[in-house]
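Q: Below is the structure I would like to discuss, written out as structure tokens.
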Amino acid sequence: GESVGLHLPTLSVQEGDNSIINCAYSNSASDYFIWYKQESGKGPQFIIDIRSNMDKRQGQRVTVLLNKTVKHLSLQIAATQPGDSAVYFCAEGPYNTDKLIFGTGTRLQVFP
Amino acid sequence: DAMVIQNPRYQVTQFGKPVTLSCSQTLNHNVMYWYQQKSSQAPKLLFHYYDKDFNNEADTPDNFQSRRPNTSFCFLDIRSPGLGDAAMYLCATSRVRESEQYFGPGTRLTVT
């Protein structure tokens, strides 16, 4: 059968609160960063992206912050809802490649 | 309006029995990817095609092969599946040098 997986870091938040999911990336040459949401049994779904020439980008209820000095990326979700429960992956895109390098993922659990 | 389609969604095969997973896309993207994802882990890139140019990851076992007969279709062949190959297999597409990747729903492979 399938190998036993690692335990994902888990963030538990109450419905309506804000969530912050953090990610450390590895390649200082990466110029593109993306957050994906993956629900159980489904493929990753795009949430938001940011290029290295920006520090912050906002979408609908989501904000991505990029700190290139410490190679840190965060995803903020405002007014977290039960439908936000999923595993969130950050990914970095090294300059001039077609590939993404995925981080380990964080499980977000939203309770009423 | 599915954009990246994977068939079948669930596949059961016997130890050592060859299996083929398929992916098709309606996005007309140049780049197609195959990932393996095990429980609670990040997707792991196996290989990708830039048009017909095949790019294998250095640590992808020889047991895994791929074919891309045209822009729309890409296949993953596992020549002799072992128990350790049980996983979710994800197909993704992207435009050239645009790092956002569009994922299919995945095929869950079980090896008995």
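The values are calculated or read from the model by the stated rules, or taken from the named source; none is laboratory data. Everything quoted here is computed from the prediction, not taken from an experiment. A quick note on method: Cβ atoms are made from the backbone with ideal geometry, for glycine too, and the neighbour counts reach across all protein chains shown.
To keep it simple, each residue is scored yes or no on (1) touching a residue at least 40 places away in the same chain (Cβ under 8 Å); (2) within 10 Å of chain A (Cβ to nearest Cβ); (3) not in a loop (DSSP other than H, G, I, E, B).
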position: B:THR20; (1), (2), (3): yes, no, yes
position: B:CYS23; (1), (2), (3): yes, no, yes
position: B:LEU27; (1), (2), (3): yes, no, no
position: B:TRP34; (1), (2), (3): yes, no, yes
position: B:ASP59; (1), (2), (3): no, no, no
position: B:GLN65; (1), (2), (3): no, no, yes
position: B:ASP77; (1), (2), (3): yes, no, yes
position: B:THR93; (1), (2), (3): yes, no, yes
position: B:ARG97; (1), (2), (3): no, yes, no
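Q: Within region B:26-44, identify whether any single residue is charged (D, E, K, R) and more than 29 Å from A:THR10 (Cα to Cα), and answer yes or no.
A: no
Q: For region A:32-71, name all the residues that are touching an Asp or Glu at 6+ places or on another chain (Cβ under 9 Å), under 19 Å from B:GLN101 (Cα atoms) and surrounded by 15 or more Cβ atoms within 10 Å (Cβ to Cβ).
A: A:TYR32, A:PHE33, A:ILE34, A:TRP35, A:LYS37, A:ASP49, A:SER52, A:ARG57, A:VAL64 - these are the residues of region A:32-71 that are touching an Asp or Glu at 6+ places or on another chain (Cβ under 9 Å), under 19 Å from B:GLN101 (Cα atoms) and surrounded by 15 or more Cβ atoms within 10 Å (Cβ to Cβ).
Q: Here's another thing I want to ask about it. Checking A:SER19 against (1) among the small types (Gly, Ala, Ser); (2) within 13 Å of chain B (Cβ to nearest Cβ); (3) buried (at least 16 other Cβ atoms within 10 Å of the Cβ), which test does it fail?
A: (2)
Q: Any chance you could count how many residues in region B:40-57 are without any contact (Cβ under 8 Å) to a residue 24 or more places away in the chain and either away from chain A (no Cβ under 13 Å) or not aliphatic (A, V, I, L, M) (or both)?
A: Matching residues across region B:40-57 total 12.
Q: For residues in region B:80-112 being over 14 Å from the mean Cα position of the chain (by Cα) and at pLDDT 95 or above, which is farthest from B:HIS29 (Cα to Cα)?
A: B:THR112
Q: Anything in region B:40-62 that is surrounded by 14 or more Cβ atoms within 10 Å (Cβ to Cβ) and farther than 26 Å from A:CYS90 by Cα? List them, or say none.
A: none
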